[in-house]
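In what follows, a single structure is set out as structure tokens and then discussed.
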Amino acid sequence: MKSPPRLAVWATLCGTVVLTGWGAAGLAGFGSRGIENTGAPIKDSPATSVTAEHIDEPKATALVEGSVSVLVEDIVSVPHIGSGSAALPDARPAPPPAATPMQLASLSTPDPVQNAAKPAVSSFEALDACLEPDVCIDQYLWSLYERTQKVDTVKVTERIKVTVEKKGKTKTVVKTLTKYVTEDFAWKDPIAAQKAGMSMKDYVIGGMDRGFKRKLYHALRAMDDAGLSPGITSGFRDDYRQGIATGNKAATDSSYHGGSRRGGYGHGLAADLVSMNGETRAERGKWSEILWAWIDAHEKELGIGRPYLDRDPPHVAPIDGKEYADKRGRAKAHLARLANNHGMTKRAKTASR
């Protein structure tokens with residue numbers, strides 16, 4: 001028989017064990033109920049465990065159910081939970097808050113990686129990352145050709161016979177009428193490519209000189225980065241394609257776009273560029289003028305320029321090529337001669353005094 005003091009000690013220890021076990025069970029039940037209060041079902045998946053270091057944005061939401069709020073900052077980890085078929089014991093209701101709680105609709109934060117300003121990749125870096133640079137260049141140039149409308153305003157002259165009366169006599173004369181019409185020339189390159197037995201891409205882009213294509217690629221990337229939305233209306237042209245061209249153009253075999261006298265296929269050294277900015281044709285025309293002025297201002301760094309300026313504004317060629325030297329060199333020589341003649345006249349007047 002145990003003495004009373006020992007019985008008291010034994011009863012106290014047993015009570016402590018019972019209370020401790022009940023408290024642990026109650027806390028476990030309340031914790032599980034708190035997780036349910038987030039309103040998001042937790043599936044039986046290895047990805048169920050959530051830590052403070054990584055929380056997916058859709059789960060980073062504070063939902064208020066009743067008077068219990070679960071904040072992301074308070075969650076350290078959530079252990080793996082099964083399918084949840086067994087009912088969990090309801091937790092005791094929490095006491096009402098002392099003040100009206102402010103309901104937080106969302107605690108989602110933007111992904112800093114997605115929202116961070118991405119460094120611009122230069123055209124040279126893009127080519128360095130490409131396994132086949134020539135293929136990447138062709139694909140980029142082709143994409144700019146495909147997105148560009150093939151519409152132009154061309155000058156059409158028409159000769160007509162009219163009867164006029166002069167000094168009481170009637171006679172028939174021939175008059176030349178000039179008018180400007182809108183021409184859709186999208187059909188010309190496909191017919192030329194079919195005649196040459198090539199795909200459109202191989203014909204229009206593949207027929208240009210490789211070195212020129214590389215310069216054109218870097219120049220167009222720079223225009224794109226400047227927000228000018230460049231587009232290509234014409235690339236390579238053989239003699240047949242040049243023969244059906246309209247407007248300002250060279251002789252059939254003499255086009256720097258790829259005429260037979262200039263080397264033919266694979267030696268095209270010209271392209272026609274416009275801007276695709278603007279909703280209407282008039283707006284695109286204004287943006288094209290901005291694009292051409294931008295090319296003039298940056299031709300030395302781009303390596304391409306406009307040999308004919310306003311006589312054929314879309315036409316670009318390498319500035320170290322023969323066409324640019326012939327056309328622009330001639331103009332510069334003419335200006336130099338004018339300046340020289342002006343200087344000589346001024347000196348002659350000074351000497352005659």
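Rule-based calculations on the coordinates, nothing more; no lab input. Computed from a predicted model, the values in this text were never measured in an experiment. Methodologically, a virtual Cβ is constructed for each residue, glycine included, from the backbone with ideal geometry; neighbour enumeration extends over all protein chains shown.
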So, first residue surrounded by fewer than 16 Cβ atoms within 10 Å (Cβ to Cβ) in segment 273-292, second residue assigned to a helix (DSSP H, G or I) and of a type outside the set (Ser, Thr, Tyr), Cβ within less than 6 Å, six or more apart or across chains; the pairs are 278/284; 278/287
Of 217, 203, the only residue that is in contact (Cβ under 8 Å) with a residue 12 or more places away in the chain, among the aromatic types (Phe, Trp, Tyr) and over 21 Å from residue 276 (Cβ atoms) is 203
Expected single match for among the acidic types (Asp, Glu), farther than 16 Å from residue 147 by Cα and assigned to a helix (DSSP H, G or I) among 202, 189 is 202
Restricting attention to segment 256-293, the residues that are part of a helix (DSSP H, G or I) and either in contact with a helix residue (DSSP H, G or I) (Cβ under 7 Å, 6 or more places away or on another chain) or farther than 26 Å from residue 210 by Cβ (or both) number exactly 13
query = When you look at residue 146, is it without any contact (Cβ under 8 Å) to a residue 40 or more places away in the chain and closer than 20 Å to residue 315 by Cα, yes or no?
reply = yes
Taking segment 144-200 and keeping only residues that are farther than 30 Å from residue 231 by Cα, surrounded by 10 or more Cβ atoms within 10 Å (Cβ to Cβ) and under 47 Å from the mean Cα position of the chain (by Cα), one is left with 177
